[in-house]
Amino acid sequence: MSSGSRRASRFLQEKEDEVPQWIPGLGTDKPRPRTLGTSFFGYVPDAFVEKTPFLPSEKKATTPTPKDSETKEAEHKSEGAPNGQYLDPSSSKEFQRDMDASSDEGVVTEEVVVPQRVERRAAEPWDAQSVDSTDGSAQNRLLIKGGRVVNDDMMQDADVYIEDGIIKQVGTNLHTPGGTRVVEAKGHLVMPGGIDTHTHMQLPFMGTFAVDDFYTGTRAALAGGTTMIMDFAIPQKGESLVEAYHRWRSWADPKVCCDYALHVGVTWWCDKVGKEMEELTEEHGINSFKMFMAYKDTWQLDDHDLLESFKQCKEIGALAQVHAENGDIIKENTAKLLDMGITGPEGHELSRPEEVEAEATNRACVLANQIGCPLYICNIMSKSAASALGEHRRRGTLVWGETIAAALGTDGSHYYNPCWQHAAGHVLSPPLRNDSSTPSSLMELLDVGDLQTTGTDNCTFSASQKALGKDDFTKIPNGVNGVEDRMSVIWEKGVVSGKIDPCKFVAVTSTNAAKIFNIYPKKGRIAVGSDADIVVWNPHATRTISAKTHYQAVDFNIFEGMEVHGIADYVICHGRVVVEEGNVRAVSGMGKFVPTPSHSPYVYGRVQERDIANAPKKVDRAPYDGPVIQLNNQGLTQAVESSIIPTNQEFYTRGAQMNDKSPKRPSVKVHNPPGGKASGSFW
């Protein structure tokens, strides 16, 4: 080597020695695994490996190259594994390596979550501080691996990658960053979270409040696999709709554990109500309004007010809803039953027979169709009402139908139970039908499309609240549970029985509601860009429903003792695991209000064209030029003299008469015909 080369070499060596070999806070300059509780900018193992992470069980089947094995072993040894040993992650199903407690290196973990049966037990609310105290990567990035993705129109084996509460990838061999938490879903169905279209949390009703408020109710919903509810803001007669909306928002926003939307009730009518409906639609994210055909003297509207409400709904692009029962008939029946001494819960069902529900359903469809307003019938409870709705759909009426978990899972025979408390626990309106074939029939109508959605009408009252009507069935607060058990009951009665398949299950528990209320595909679908509201469903696990183990605040369960297949092993809401291994980890206020935009394409996509096609057409004809009668001041026609002179005033009678006392003469044979003697042999 020349002297010049040696001088250059020494110069480079001196400069290299001047470069620091460590950075304060990061240790040496060698890349190493990020540790929990230290800087975000630490190195993440396999951060740039562009493939779906292998689970430990899968790593057993792989054979790393000698070079890879040596590299991995060197990296682990350099980090100071306990006793200087290299721990192979594939050596156990669940792997965790703890560093020495005195080391500033922290703890490096690799977690594999295996779905287990959810145990129904009392769960403490999830501490909100825990959201910020845990590793951000585990909270913001999640991979659901090995499951079967089910949408309303397809099923496929696929992984689902979630980041920041949004589904980012669906498929196989996904490109995911390191630090992603993995939920193993092999043998499970990965479905959109349920949408309960009909709840009444902490509803003020009949002088008391429903016991499940927006915290306990939505927490229970998550436990059962429902990730969004749709509640009702119902003003009193004469009250502002906008004020009622704000009151419900003030109740719900601080408490909800899952997302929610609101329908608004129309309990009275005037021009002001119409203007407030428009304001709610344009400024507050409301696209559906509910009218009541029952609850006379409180919420009931007559046909004129229904027509005006339907007109306004169509004008602003909102969906009209109705509670379909004939309130006038119910009032008459109720008075008769009380006079007969029938005061128990059976009187509730007797006062509201099927035909009363069916008549109102038919009338609502007729009224809405005359306006051309899309219509949604809430909580259909009987075969007769469902049949009326189906007939209108086949005739082209734009109408959709909702039934509820109670109608699909039980029947009205409970009203005749000798235990008053048991019978009263089933009181709701419209009532359950005393026909054991009704649940099966309604499920079949969901399958064929005559009914489209499933809610719960969840409005729970304790036994002591129900006892307000111990001497008068009209004073029993109406409402039952269901928000927690809806998904399992429908799976048991629908899929397990063979009446619907998993795709139809997704449609009637989630997707159809999202389409009707214009929040699809943000909700109701497993797809890139959709909200990460997902249930990892175990179709084979079983549980027994009981008030002793459910999460709801109410002390009674209408499905008590029912064994159901299908439970939510994992529930993901906003991309976070909120149900896991039997625990509900939900925070008050974690949910958000979801605006529902007007003019849903699924609902209003055909309205304009139908109005044009069905518009009345004028008949062109020559003007009438004949005589026109004259009316007097009272609107009566003046009598005029006839120009026709009657010529025949004779009166004739035919046949036997009442006062004809002439004796009946036997027939007399004559030899000669009338008028004279005949000739020839004819006579």
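Where a number appears in this text, it was derived from the coordinates with a stated rule and is not lab data. This structure is a prediction, so every number in the text was calculated from the model and none was measured. Quick reminder, even Gly has a Cβ in these numbers, built from the backbone with ideal geometry, and neighbours come from all protein chains shown.
A few comments on the model shown:
- Taking other residues whose beta carbon is less than 14 angstrom from the beta carbon of GLN312, and scoring Lys, Arg as +1 and Asp, Glu as -1, yields -3.
- The calculated FRET efficiency for the pair ASP472 and GLU581, based on their C-beta separation and a Förster distance of 45 Å, comes to about 0.45.
- Alpha carbon centroid spacing (whole Å) that separates segment 258-327 from segment 329-353: 28
- Given LYS311/LYS515; LYS290/LYS522; LYS237/LYS275, the pairs whose alpha carbons are separated by over 18 Å: LYS311/LYS515; LYS290/LYS522
- Too-long pairs where the Cα-Cα distance tops 26 Å, listed order kept, from LYS336/LYS466; LYS314/LYS618; LYS168/LYS493: LYS168/LYS493
- Centroid-to-centroid separation of segment 473-520 and segment 361-390 [C-alpha atoms, Å]: 19
- Label separation (HIS540 vs LYS275): 6.4 nm, computed from points 7 Å beyond Cα along the C-beta direction.
- Point-to-point label distance, ASN632-GLN370, nm (Cα→Cβ direction, 7 Å offset): 3.5
- Ordering of 379-392, 479-492, 556-569 by packing [mean C-beta count within 10 Å, highest first]: 479-492, 379-392, 556-569
- Under 11 Å, Cβ to Cβ, from GLY482 - net charge with Lys/Arg +1 and Asp/Glu -1: -4
- In Hz, Karplus ³J(HN,Hα) per residue of segment 545-551 (6.51, -1.76, 1.60; θ = phi - 60°; x = Gly, Pro): 6, 7, 5, 6, 10, 6, 8
- With contacts taken as Cα pairs under 8 Å and at least 6 residues apart, segment 422-526 reaches a relative contact order of 28 percent.
- Listed peptides 593-600, 341-348, 415-422 appear in the order 341-348, 593-600, 415-422 once ranked by packing, highest mean of other Cβ atoms within 10 Å at the front.
- Here the simple spin-label model places points 7 Å from the Cα toward Cβ, and for GLN156 and LYS548 these points are separated by 4.6 nm.
- The string of couplings for segment 413-423 from the Karplus curve (6.51, -1.76, 1.60, θ = phi - 60°) is 4, 5, 5, 9, 5, x, 7, 4, 4, 5, 5 Hz, one whole number per residue in order, with x for Gly and Pro.
- Interchain or long-range residues, amide H under 5 Å from HIS198's placed H: MET230, THR456, ASP457
- Summarising the amide proton neighbourhood of LEU319: residues at separation of 5 or more, or on other chains, whose placed amide H is nearer than 5 Å comprise SER288, PHE289.
- Residue list for segment 588-615, given a label point 7 angstrom along the Cα-to-Cβ vector of ASN140 and an amide N cut-off under 20 Å: 590-591
- Residue-count net charge about ILE330 - beta-carbon cut-off 9 Å; Lys, Arg +1, Asp, Glu -1: 0
- Taking 0.36 nm per residue of sequence separation and removing the Cα-Cα distance, the ALA615/GLU243 pair yields an extension gain of 130.1 nm.
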